[in-house]
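No lab work stands behind these numbers, since they all come straight from the coordinates. Remember, predicted model here, so these are calculated numbers, not experimental data. As a convention, Cβ positions derive from the backbone with ideal geometry for all residues, glycine included, and neighbour counts pool all protein chains shown.
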Amino acid sequence: MNDPLHGEPFQADRTYDQVYLLFVDTSGYSTIVRSNPRDRAAHAFDLLRERMRARIGQLSAQRRCARSDLWSWRGDGGFFAVHDDSESVARDVALEAARTFLTLDLRHLRDEFAQAGVDGELHVRMALHKGAIRHTGEGRTGTIHSPDINLAAHLEKATPADCLAVSEDVYRTAGPYAELFAHVGSHEGKDVYLMAGDGGPGGAAKAWLAGRGLSDGSPVHAYPERPSPQEKARLLDAAGEEVLDMGTALRTSSGRLVTTERPARFRDAILGLLRRGGTYRCYLLDPSSDAAATLSRQYQEDMTRKIKDSLERFGRFKERYGAEADGLHVYQTDEFPGFSALTVDMHRPSGLILYSSYLLGTSRYGVIERGDMPHYLIGPDAGRVFTRIRQLAEARASEGQAQRVL
């Protein structure tokens, strides 16, 4: 959709150098779509497009920029191309438009959303890069040729909400605008500079780290506490061969196998695994071990009794389901594991591990319950984190470390 905002349009079959590519995207788009009728949500994003379009058009006219286009817009976002034979003119239009939109227009848009009855919060991500573009066929954006467009699009996806990111190429020629940005990291081999929503570098580093993490990090799904039985059952449903359930007493897992409450989603998922020919291996502490005695003192609870209760429940489950439950194996270990884990086919390329480290301290509210500790779901994409947790789980399940009791 090559939509000129000011000046002459970009011509087909011509290469333009030092084009400023400004990407704008709505952060939280899906929440607005879910919270509003379709026509109201569409109107809201039309307001966003027109406000950004008007801002760039106004600045282009003021600075007599040769050409500025709304090149592409799809629903909740798009990108603009700004170019002038005098690069500083295009730079000023693009940077001033982005800065003004983030610090002024966005607030006004939120007011307009509220007046129009649009539910949900409006947040945007913006990214600016510059480079050469060429397109063949006027108005046919699918035939644009420019790796710089891809880089700008990817940078926008990496930008925190309500921030403007610029590449090192833009920062080097940013002139008086450079003081608005802080160096926060790199993306696809380019240094990245960020302006936070308050219009300056303050908070930019924290916003980038909150969204991107530290270097050499791994993707991890984090939960504030133990996931619900229904969510754990979803994990179990995905198992093809083997589930390992590791903890201290496994009181929660064993209780869900013999519960009289309905629906018994966790138990049904275990039965489904066993009926598929899978194995459910459970590892808990030996009730007579020094580790169990130490935990009893630490948590001020009868750990020995809890473990024996779990063993009794596992036994009841096997008795009730007979041959169907042959795939349930229960083991005891002498050493404190330091973490709990529910693993799903962890030796497969598609394996998953849900784990939680035990926090042995106490809070002002008393001993921290194990179910209240943060839990983390990881797969092989987590790299060394996945490998490390899997190795720890394997060590606990290895021969000589565990004794089968059921």
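Place the peptides 152-159, 275-282, 373-380 in order of packing, highest mean first, counting for every residue the other Cβ atoms within 10 Å and averaging per peptide.
Averaged packing, sorted descending, gives the order 152-159, 373-380, 275-282.
Ordered by residue, what ³J(HN,Hα) values in Hz, to whole numbers, does segment 13-28 give under the Karplus form 6.51 cos²θ - 1.76 cosθ + 1.60, where θ = phi - 60° and Gly and Pro are x?
6, 9, 9, 10, 9, 6, 7, 8, 10, 10, 9, 10, 9, 7, 8, x
Of the DSSP beta bridges with both residues in the chain, give the percent that are antiparallel, rounding to the nearest 5.
Expressed as a percentage, antiparallel bridges in the chain total about 80.
Please list, in chain and number order, the residues 5+ apart from residue 339 or on another chain whose amide H is under 5 Å from its amide H, with Hs placed from the backbone.
358
Excluding same-chain residues fewer than 8 positions from residue 157, which lysines have a Cα within less than 27 Å of its Cα?
Cross-link targets: 130, 190, 206.
If you take the Cα Rg of segment 14-217 and divide it by 2.2 N^0.38 Å, with N the number of residues, what do you get?
0.99
Any number yet on Rg/Rh for segment 189-316, C-alpha, Kirkwood?
1.19
Once the dipole of the chain is set up with Lys and Arg at +1 and Asp and Glu at -1 on Cβ about the Cα centre, which of 263, 22, 181 lies farthest towards its positive end?
263
Give me the orientation-averaged projected area of the Cα convex hull of segment 267-317, in nm², one decimal.
Details: hull surface 16.7 nm².
Average projection, Cα convex hull of segment 267-317: 4.2 nm².
Given 20 °C and 1.002 mPa s, how large is the Stokes-Einstein diffusion coefficient of segment 222-404 in µm²/s, with Rh as the Kirkwood radius over Cα pairs?
Translational D for this selection: 128 µm²/s.
Just need log10 I(q)/I(0) for the chain at q = 0.07, 0.08 Å⁻¹, Debye formula, equal scatterers on the alpha-carbon atoms, no solvent, rounded to two decimals.
Calculated log10 I(q)/I(0) at the listed q: -0.51, -0.63.
Which lysines, if any, have their Cα less than 24 Å from the Cα of residue 308, not counting same-chain residues under 8 positions apart?
232, 318
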